[in-house]
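Down below is the structure, laid out as structure tokens.
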Amino acid sequence: MRKGGHVLEFWTVVASAAATVDARLAELRARLAARGAEELAAFHRELVATHRRAYRWELWAAFDLVRGGLSDQEFTAARNWLILQGRAAFDRAVADPDTLAELFPDDPDDLCAAGELSTLAVELLIERGAGGLAESLESPELFEDPAGDQVTGGLEQLRTHFPRIAKRYEGSAI
């Protein structure tokens with residue numbers, strides 16, 4: 001991300017070795033708190049662009065299969081969770097959503113907790129008194145239809161479409 005000649009590498013800022021989503025978010029908040037307002041805005045813009053890359057029907061269907069249903073807001077939180085897994089995991093899952101079988105958290109609350117990523121930079125801007133800049137930023141939740149082809153059909157078709165996910169959760173609610 002470039003803003004005024006300064007380079008802020010989104011994935012480097014997001015990267016964390018912390019074991020939990022809450023710990024990753026805390027580390028990210030600390031890193032972002034040290035940034036200036038324009039850098040925070042640039043981070044948020046890149047977050048929205050990254051969300052757009054993952055706003056795909058097939059990825060939504062894969063998360064939906066694991067969770068047994070996913071609202072728009074829950075899919076936003078799921079994309080946040082995926083971003084917090086790092087660039088390699090994100091790129092793999094966007095290219096092949098069935099790889100979520102190896103990534104998906106055992107604790108479903110991790111997806112909910114990851115929802116905070118959507119507003120993290122905006123909150124920091126508001127705390128600094130840069131509410132006008134914060135208000136000018138797009139939300140990662142406000143998009144048109146997802147990209148790609150919608151995965152349709154019943155549960156059996158989803159299991160066929162995502163065999164690794166189906167195998168991991170064999171015998172569970174899915």
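Residue 35 meets each of the listed conditions (1) in a helix (DSSP H, G or I); (2) crowded, with 17+ Cβ neighbours inside 10 Å; (3) not hydrophobic (A, V, I, L, M, F, W, C) apart from (1).
Going by the structure shown, is residue 64 closer than 26 Å to residue 145 by Cβ, modelled with pLDDT under 95 and either surrounded by 21 or more Cβ atoms within 10 Å (Cβ to Cβ) or not basic (Lys, Arg) (or both)?
Numbers: closer than 26 Å to residue 145 by Cβ: yes; modelled with pLDDT under 95: yes; either surrounded by 21 or more Cβ atoms within 10 Å (Cβ to Cβ) or not basic (Lys, Arg) (or both): yes.
Spelling it out, residue 64 is indeed closer than 26 Å to residue 145 by Cβ, modelled with pLDDT under 95 and either surrounded by 21 or more Cβ atoms within 10 Å (Cβ to Cβ) or not basic (Lys, Arg) (or both).
Is there a residue being open to solvent by 50 Å² or more (accessible area, probe 1.4 Å) and either outside any helix (DSSP H, G or I) or under 26 Å from residue 147 (Cα atoms) (or both) anywhere in segment 21-28? No, the conditions are met nowhere in segment 21-28.
Here residue 168 clears all of (1) within 28 Å of residue 32 (Cβ to Cβ); (2) in contact with a helix residue (DSSP H, G or I) (Cβ under 7 Å, 6 or more places away or on another chain); (3) in contact (Cβ under 8 Å) with a residue 24 or more places away in the chain except the condition numbered (1). For segment 73-82, filtered to residues that are among the polar types (S, T, N, Q) and open to solvent by less than 10 Å² (accessible area, probe 1.4 Å), the residue that is modelled with the highest pLDDT is 80. Contact map, segment 76-94: first residue without any contact (Cβ under 8 Å) to a residue 60 or more places away in the chain, second residue of a type in the set (Phe, Trp, Tyr) and in a helix (DSSP H, G or I), Cβ cut-off under 6 Å, separation 6 or more or different chains; pairs are 78/63; 82/90.
The single condition among (1) under 11 Å from the mean Cα position of the chain (by Cα); (2) open to solvent by less than 10 Å² (accessible area, probe 1.4 Å) that residue 85 does not satisfy is (2). Only one of the numbered conditions (1) in contact with a helix residue (DSSP H, G or I) (Cβ under 9 Å, 6 or more places away or on another chain); (2) among the hydroxyl-bearing types (Ser, Thr, Tyr); (3) within 22 Å of residue 139 (Cα to Cα) is violated by residue 71, and that is (1).
The values are calculated or read from the model by the stated rules, or taken from the named source; none is laboratory data. Predicted, not measured: the structure shown is a model, and the values here were computed from it. When we count neighbours, we look across all protein chains shown, and the Cβ atoms used for this are built from the backbone with ideal geometry, even at glycine. Accessible surface is based on the protein model in full, side chains and every heavy atom, while ligands, DNA and RNA are left aside. Shrake-Rupley method; radii C 1.70, N 1.55, O 1.52, S 1.80 Å.
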